[in-house]
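Since the structure comes first, as structure tokens, the remarks are kept for the end.
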Amino acid sequence: MSATHANNAPQVVDYELSTELLAFRSQVRDYANTYLGKAAEWDAETAFPRSAIDAAAKLGLLRTTVSKAHGGSEMGNLASCVMLEEINAVCPSTGVTISVHNSLVNSLVGKWCSEDQRSRYFPKLVTGEWLGAYCLSEAFSGSDAAALRCDAKLQGDHYVMNGAKLWITTGSEAKLFIVFARTGPDRVKGISAFVVEKDYAGVGVGKKERKLGLRGSPTTEIVLENVKVPVKNRIGDEGIGFTIALDTLDGGRLGIASQSLGIARACIKLIEQHLAGQVDAKGRPTASQPDQWTFADLASDLDAYRMLTWRAAILRDRGIRCTTEAAMAKLSASRLANRAARAAVAILGQQGASGASTAERWLRDARITEIYEGATDIQRLVIARGLLAP
Ligand SMILES: Cc1cc2nc3c(=O)[nH]c(=O)nc-3n(C[C@H](O)[C@H](O)[C@H](O)COP(=O)(O)OP(=O)(O)OC[C@H]3O[C@@H](n4cnc5c(N)ncnc54)[C@H](O)[C@@H]3O)c2cc1C
């Protein structure tokens, strides 16, 4: 870490969760144990976990990042991280659905939308009547998000929107889309953000992706053909869409870091159970030393990267910019999830490779944490840029 960062970065040291958060974590653990038992089935059948999402909505898990004034629980980013680790340790498909709804949609609506927009959409979003989706990526813009081409032309009291968004989480289930579209020629300042309702004429759900992992989470194309989007649905001024997109991703990355921690934790538990079961006839442990070292390294990194994640969440809850810290959390936790999943498959051997074990599902789900909401090398660029900035 550069001297600049060590001296100037806001430092957060708080190792203890409040009584309220501990109670919340145990409530979410109960939820995960009660409602996410079909995770393997949802994965095998590429089925959306509707029952789990409905139960989450009833328990208030779809409103953690929304203020009380707008019907939320106002628990914030740290609580969301605690919640998402628990959910993802059982079902990452449910986890990403809840993460996108809370951290990419509700947070954005709360921070960037007008009071009129908030009062029109929050009643549906906080109850889960409507799920939200975040539509930034396109065929030719993934890591280079500013290359997006989806077009919104102002015509009187509405914009006419044309384009196609790709790889949209919850695409087929969402009723509200946050869409980033081009309103001007400037690469960055020509991008604006809009709330687009699924029922607007010209909005269609296109191809559903057949994915490596997170198969219970539907990822689809969203097609926009001559969609009339009212001017009152533009989020903020014209030209601030890219700022909104990036600011929101800071919070989204905390969700994916927490997802990664959940996956890593589940893999470490599998390894622990396997090693604990290796005993000789007299009940003495026989686990090999290299397997014990791997297990120890993973368990230590899990605790370390949870602290990185919570640090960024606390900063965001305090209204302090956490772009570098969120990228550090996502980078480290997503790599850990992949290391832990690979180790689980390796240490469990044929059991790990079998579709009957959860290890192979963790391996497939983990891989995606290093791709979306900024691929690994993009996180490294963001961190370096943050640390090297004057
Ligand atoms: C399951 C899933 C769900 C998704 N959900 C959503 C969603 O809800 N909404 C949404 O908008 N998008 C979503 N995405 C898209 C996701 O955000 C993009 O896949 C991601 O940004 C990477 O873009 P890309 O796939 O086009 O890869 P590319 O940008 O082509 O990158 C490919 C590789 O090249 C590297 N690379 C690219 N540029 C650079 C560079 N400048 N320097 C160094 N390395 C570089 C990357 O690190 C990466 O490893 C989802 C993706 C997946 C897989």
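Below is a table of values for the structure above.
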read-out	value
Vicinal HN-Hα couplings computed from phi for region 45-60 (Karplus, 6.51 cos²θ - 1.76 cosθ + 1.60; Hz; Gly/Pro x)	9, 6, 9, 5, x, 4, 4, 5, 6, 4, 5, 4, 4, 4, 7, x
Centre separation in Å (Cα based) which lies between region 317-364 and region 40-101	19 Å
Spacing of the two label points (7 Å from each Cα toward its C-beta) at W293 and R50, in nm	5.1 nm
Under 14 Å, Cβ to Cβ, from G213 - net charge with Lys/Arg +1 and Asp/Glu -1	+2
Within the chain: Cβ-based charge dipole about Cα centre, in debye rounded to nearest 20 (Lys, Arg +1; Asp, Glu -1)	280 debye
For region 294-390: span of alpha carbons on each principal axis (Å, largest first)	51, 23, 21
Derived scalar couplings ³J(HN,Hα) [region 308-319; Karplus, 6.51 cos²θ - 1.76 cosθ + 1.60; whole Hz; x for Gly, Pro]	4, 5, 5, 4, 5, 5, 5, 4, 5, 5, 8, x
Convex hull (Cα only) mean projected area of region 133-239, reported in nm² to one decimal	6.4 nm²
For the chain, calculated [θ]222 nm from helices alone, where every DSSP H run of n ≥ 4 adds -39500 (n - 2.57)	-16500 deg cm²/dmol
Cα-based radius of gyration of the chain once divided by 2.2 N^0.38 Å, which approximates compact folds	0.99
Per-peptide average of other Cβ atoms within 10 Å, ordering 44-53, 174-183 highest first	174-183, 44-53
Cα gyration tensor, region 215-337 - rounded (a/c under 1.5), prolate or oblate	prolate
Stretchable slack from K207 to R120, in nm (0.36 nm times residue separation minus alpha-carbon distance)	28.4 nm
Of I178, N233, W167, farthest towards positive along the dipole that unit charges on Lys, Arg, Asp, Glu beta carbons give region 133-239	W167
Region 36-97: equivalent-ellipsoid semi-axes (sqrt of 5 x gyration tensor eigenvalues, Cα, Å)	24, 12, 7
Under Karplus coefficients 6.51, -1.76 and 1.60, residue-wise ³J(HN,Hα) of region 208-224 in Hz, glycine/proline x	8, 6, 9, 10, 4, x, 6, 6, x, 9, x, 10, 9, 7, 10, 9, 10
Calculated diffusion of region 3-131, Stokes-Einstein form, Kirkwood radius summed over Cα pairs, 37 °C and 0.692 mPa s, µm²/s	209 µm²/s
Cα-based reach from K165 at 27 Å (exclusive), listing lysines while leaving out same-chain residues under 8 positions away	K111, K124, K153, K175, K189, K198, K207, K208, K211, K228, K232, K330
The chain: most fluctuating residue of T323, T170, T34 per GNM, C-alpha cutoff 10 Å	T34
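Rule-based calculations on the coordinates, nothing more; no lab input. All of these numbers come straight from a predicted model, not from anything done at the bench. Heads up, the Cβs are rebuilt from the backbone with ideal geometry, glycines too, and the neighbour counts pull from every protein chain shown.
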